[in-house]
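J.: So that we are looking at the same thing, I have put the structure below in structure tokens.
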Amino acid sequence: QATLHNELIQRPRKLRDPEARYKSVFISYAWATSESKEQEGWIQPFVQQLYKELKAADVPVKMDEEDLRVGMNPQTFMRDGIERSQFVLVIASESLLQKHRGGTASICTELALLHRRRELDERLGCKEERSATVLVSGTKQTAIPEFLLGQQVWDVRELGYLGFINKLLQCLQQA
């Protein structure tokens with residue numbers, strides 16, 4: 001966690017490729033649980049920084065913390081975000097899996113929508129990867145819902161922040 005934070009501060013500021021066009025992205029994540037606040041309290045600022053990085057690179061990106069406005073229906077926001085985005089990025093943490101298993105409404109809704117989208121893509125024979133799971137805390141077994149284990153999983157701790165951002169931007173580039 002400290003390494004990721006240091007990379008955030010020290011990395012080059014210019015990641016934007018002026019020639020690139022990127023897929024739209026919806027970011028799904030969970031706030032740290034009260035029990036994991038000490039270990040996972042850094043995840044919220046990490047996700048906010050990721051959002052800013054993607055915006056700075058001209059990636060069309062949405063997440064609740066930045067784009068859900070007062071008066072908007074959260075359920076509609078989540079549904080539209082997952083159904084209309086070309087790519088969904090799930091930030092996996094132990095809090096995400098705990099909330100999913102515990103029935104936290106917003107997490108369960110987002111993950112159910114993503115699951116339905118993946119099933120539909122499979123039935124339609126869509127070969128393009130339209131989502132990825134980014135492991136930021138815990139292990140695959142302690143942080144990732146089972147239905148997501150068969151897709152792309154990027155461990156940001158192994159890739160490093162800059163490696164992760166570069167991999168993500170490459171994945172998001174449209175042909």
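The values are calculated or read from the model by the stated rules, or taken from the named source; none is laboratory data. Given the structure is predicted, the values throughout are model-derived calculations rather than measurements. Every residue, glycine among them, receives a Cβ derived from its backbone with ideal geometry; neighbour counts consider all protein chains shown. Note: areas computed on protein heavy atoms with side chains; ligands, DNA, RNA excluded. Shrake-Rupley method; radii C 1.70, N 1.55, O 1.52, S 1.80 Å.
J.: Within segment 12-27, track down each residue that is surrounded by 12 or more Cβ atoms within 10 Å (Cβ to Cβ) and modelled with pLDDT under 70.
T.: 15, 16, 17
J.: Being open to solvent by 50 Å² or more (accessible area, probe 1.4 Å), over 21 Å from residue 128 (Cα atoms), more than 14 Å from the chain's Cα centre (by Cα) and among the charged types (D, E, K, R) is the filter here, so list the residues in segment 58-93 that pass it.
T.: Residues satisfying the conditions are 58, 69.
J.: Here are 66, 119: which of them is part of a helix (DSSP H, G or I), over 20 Å from residue 171 (Cβ atoms) and in contact with a helix residue (DSSP H, G or I) (Cβ under 7 Å, 6 or more places away or on another chain)?
T.: Details: 119 fails: in contact with a helix residue (DSSP H, G or I) (Cβ under 7 Å, 6 or more places away or on another chain).
From the options 66, 119, the qualifying one is 66.
J.: Identify all residues within segment 49-98 that are out of contact with any Ser or Thr (no Cβ under 8 Å at 6 or more places or on another chain) and among the aromatic types (Phe, Trp, Tyr); write none if there are none.
T.: 51, 77
J.: Oh, and also: Residue check: is residue 30 modelled with pLDDT of 90 or more and not in a strand (DSSP E or B)?
T.: Answer is yes for this residue.
J.: Within segment 36-57, restricting attention to residues that are without any contact (Cβ under 8 Å) to a residue 60 or more places away in the chain and outside any helix (DSSP H, G or I), which residue is least open to solvent (accessible area, probe 1.4 Å)?
T.: 41
Yes/no per residue for (1) modelled with pLDDT of 95 or more; (2) exposed (fewer than 11 other Cβ atoms within 10 Å of the Cβ); (3) assigned to a helix (DSSP H, G or I); (4) β-branched (Val, Ile, Thr):
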{"residue": "106", "(1), (2), (3), (4)": "no, no, yes, no"}
{"residue": "126", "(1), (2), (3), (4)": "no, no, no, no"}
{"residue": "129", "(1), (2), (3), (4)": "no, no, no, no"}
{"residue": "133", "(1), (2), (3), (4)": "yes, no, no, yes"}
{"residue": "142", "(1), (2), (3), (4)": "yes, no, yes, yes"}
{"residue": "150", "(1), (2), (3), (4)": "no, yes, no, no"}
{"residue": "162", "(1), (2), (3), (4)": "no, no, yes, no"}
